[in-house]
1. If you go through region 221-249, how many residues are part of a loop (DSSP other than H, G, I, E, B) and either surrounded by fewer than 15 Cβ atoms within 10 Å (Cβ to Cβ) or in contact with a Phe, Trp or Tyr (Cβ under 9 Å, 6 or more places away or on another chain) (or both)?
2. Contact list please: Cβ distance under 6 Å, first residue in region 825-846 and under 14 Å from Ala800 (Cα atoms), second residue of a type in the set (D, E, K, R), pairs at least six apart or on different chains.
3. Select from region 731-757 the residues that are in a helix (DSSP H, G or I) and either within 21 Å of Asp690 (Cα to Cα) or β-branched (Val, Ile, Thr) (or both) and list them in ascending order.
4. Name the pairs whose Cβ atoms lie under 8 Å apart, with the first residue in region 296-322 and without any contact (Cβ under 8 Å) to a residue 40 or more places away in the chain, the second in a loop (DSSP other than H, G, I, E, B) and open to solvent by 10 Å² or more (accessible area, probe 1.4 Å), and 6 or more positions between them or separate chains?
5. Just give me the residues in region 682-721 being in a loop (DSSP other than H, G, I, E, B) and of a type outside the set (Val, Ile, Thr), in sequence order.
6. Can you tell me which of (1) surrounded by 21 or more Cβ atoms within 10 Å (Cβ to Cβ); (2) assigned to a strand (DSSP E or B) is the one Ile267 doesn't meet?
7. I need the full set of residues from region 544-561 which are closer than 21 Å to Asp592 by Cα and among the polar types (S, T, N, Q), in order please.
8. What number of residues within region 776-825 satisfy the criterion of being within 23 Å of Ala741 (Cα to Cα) and aliphatic (A, V, I, L, M)?
Amino acid sequence: MRRLMSSAAMAVILLAAGSASAATPAAVGTKGATFATVTTQLPRNVRPSHYDLAFTPDADKLTFTAQVKIAIEVVEPTSTVTLQAADLTFSKAEIAGVGSAKIKVDDEAQTAAFTFGKTLPKGKYVLSIDYAGKIYKQAAGLFALDYETEAGKKRALYTQFENSDARRFIPSWDEPFYKATYTVEATIPTGQMALGNMPIASSKDIGGGKTVVKFATSPKMSTYLLFFGAGEFDRASVKAAGVDVGVVTKKGDTPKAQFALTSAADILPWYNDYFGTAYPLPVLDNIAAPGRSQFFSAMENWGAIFYFEYAMNLDPAISTETDKQNVFTTVAHEMAHQWFGDLVTMAWWDDLWLNEGFASWMEGRATEHFHPEWNAAVGAVNGREYAMGLDALQTTHPVVQHVETVEQASQAFDAITYQKGEAVIRMLESYVGHDAWRDGVRAYMKQHAHGNTVSDDLWGAVEVAAKKPIKAIAHDFTLQPGVPLITVSNATCAAGKTTLTLTQGEFSKDVPGKKPLTWRVPVTVQAIGGGTAKTLVTGGQGTVTVDGCGPVVVNAGQSGYFRTLYGSERFTGIAANFANLPAIDQLGVMSDAWSMGLAGYQPATDFLDLAKVTPTDADPQVLSKVAKTLTAIDGYYEGQPAERTAFRKVAIGQLRPLLAKVGWTAKSGEPDNIAILRADVIGALGGLGDADVVAEATRRFNADKTDPSTIPGPLRKTILGVVAGHADPATWDAIRAQAQAEKTPLVRAQLYSLLASAEDEGLAKKALELALTPEPGETLSSTMISRVAANHPDMTFDWAIANKDAVNDKVDSTSRTRFIPGLGAGSSNPATAEKIKAWTAANLAEGSRKEGDKAAAAVMNRAQIRQQRMPAITAWVAKAG
């Protein structure tokens, strides 16, 4: 699953459920997982092997009726079969030769128990269940998405089941270990296209405007990977490695999916080779749908990958270079899941990172292979930074964390699971070598295909392939939380070689004096103008000797998951040579300086010193880091107009030469990443209130009415973003009029999102009220609310708690425990942190408060930065000015 990373309202899937059984969880060190040991919320006396489902959706009434026949094996005699179900009503349940069952539903535990008049001996049976359920308006279970077209409003159906929403569609053993095969039959309106995990085996028009479609039987898989879709679609496809690779869109949109189709067709044979196991299904569809979710942008259903269309389609009227690169990485991410997650699945949610961390890493590897011009390895540093930002707070958690409930599993979908998981894989791959790592992955795939695993199954396979121990290192970084801190405590040069003494501590943003945990830390160093060397820091201490006597960069190549503290003299030496560092190390050193400065380990102004010496021809991703960090500093000056004005003068002076260099207009043959830098710099200068940039954006916006060429598609989002951010009431109304008239869902969604980005508080309140109306669309309202919170976190949080029920109606039901607390996370006001804690305690169950705790911790961290770090930055600005 491709999760979202919005700053204010990142949501994870959440489903209320009862506590797990008291069974012992599968141990971290065990080989694979077994039916007897895997964590489960269900009795262990029955397990499924096949589901034969027939259902009829009524899209107008938002209901469906169904019958499922489940092939089960009773492994311990019992008179009751218990499985998982949510929002389903049952009319009959029976086993042939046994009789009908009494049905008891537990809404809180999300289970249904079927009790028969006699004990079922060990053996195989078929449980037949007639039932009905709901079609939702948000992305959970079977859901409907409405969208505008030139011919009027249309409705399409899709499913979304990860992590535990299959039970809203089919009564089932809705846990990853209970793999089974599926045969699905759907009765749909004649003329619509039906989509599933497998190709259609038969289709029959039964009259009355209805057609019965039956899909081929699936391979054995977990419930959360089952998929169904139906609507007025178009499909285009190509053959790749013997597989029918397709894209499915709403009518008329397949040209917008051509890049996704080409990318998928290129990636598939490459993945076949990398994994050493061929993709096992006959079809691989990539399905684009209008709308949005607060939780995810794409989902890896086996053979039928679902995307919200902004994550798959490219519209020349509005799509950017960032959009294009995101389409590729999202396709690569979801396709990696076809092996890591679908073919081989974690036994339980403890090891979710085996799915998500690996897919995040693999998308980077694919990008480096197919698009080296994008310099994806440099971009990966930003993902690592995002994870470290969360991992350095007390509210963090280990990559592998024992999960007892569905609720806890839902909250595991975060940057620790994704980005830290990815960073740990990069580090371990670098430690054992690319070839050894790949050979270990191939062995793992072959050994566990169609099965379930735990983390140590992967570590064991890599150790055998690499003939090098990694398990202890892997455990240090996945079984305990936190960020190691490597301090260069001494550096001496003799005979043309530099020897560094390294001390390992722990980097913390909120408890800097805490007793550090201990890690075994792989470290690579490089002397500027000299050689490279590696060491493993163990027991808190290490030394490394490298050729050359120039300044030494620690974590050269940025494969390590740790922060580096050089000390003033050594940092000065690196800063003096900053322009000569490789781009990836420039970004790494700069990121360390900024984060360590905010936490008080070194002067916060060290970042500003590095920004001053960053040449305008540096890698675009490094320059974008400068632009975005200056924007972030500006945010800390909220409510301090004099200080903000002084800072903006300096920041604008820093960025204007970049804009002069890249210009407003793309140049023929320019590198792709320059287009991203152009958008970042214009956006940053607009946010900083640069009068020239705001005026030029406004001029182009006004001229666009008669000359559309004044706003080229790749800059449309950026230019409109500047205009919307500085909008007055007349401009805001003009953008709303465009949104109301727009029939292309992708463009329409962008326009409504822009309405929520106004800096003017009165217009921001209008956007919040608009979000609660039907006008933007059911799935876009929560995006608007989150967008308002990015500029007005305190006001938005207060508004949301005053309108809790109405807001929750506009949010994915599976995302509600994160959404409202997250709206206040961007505040710097300690009072808001207390409000978040109070609201969380009053409205969420004790086991569901983790995200509220994270939001409150983020607020307190920002408040600490304002109080303790910003005075030094203000003084630096005064000196620079």
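The values are calculated or read from the model by the stated rules, or taken from the named source; none is laboratory data. Just so we're clear, the structure is a prediction, and the values are computed from it rather than from any experiment. With ideal geometry, Cβ positions are generated from the backbone for all residues, glycine too; neighbour counts draw on all protein chains shown. Note: areas computed on protein heavy atoms with side chains; ligands, DNA, RNA excluded. Shrake-Rupley method; radii C 1.70, N 1.55, O 1.52, S 1.80 Å.
1. 5
2. Close Cβ pairs satisfying both conditions: Thr832/Asp794; Thr840/Arg849.
3. Thr731, Trp732, Ile735, Val747, Leu754, Leu755, listed by residue number.
4. Here the result reads Phe308/Gly291; Phe308/Arg292, each pair linking region 296-322 to a residue that is in a loop (DSSP other than H, G, I, E, B) and open to solvent by 10 Å² or more (accessible area, probe 1.4 Å).
5. Leu688, Gly689, Asp690, Asp704, Lys705, Asp707, Pro712
6. (2)
7. Asn555, Gln558, Ser559
8. Number of matching residues: 4.
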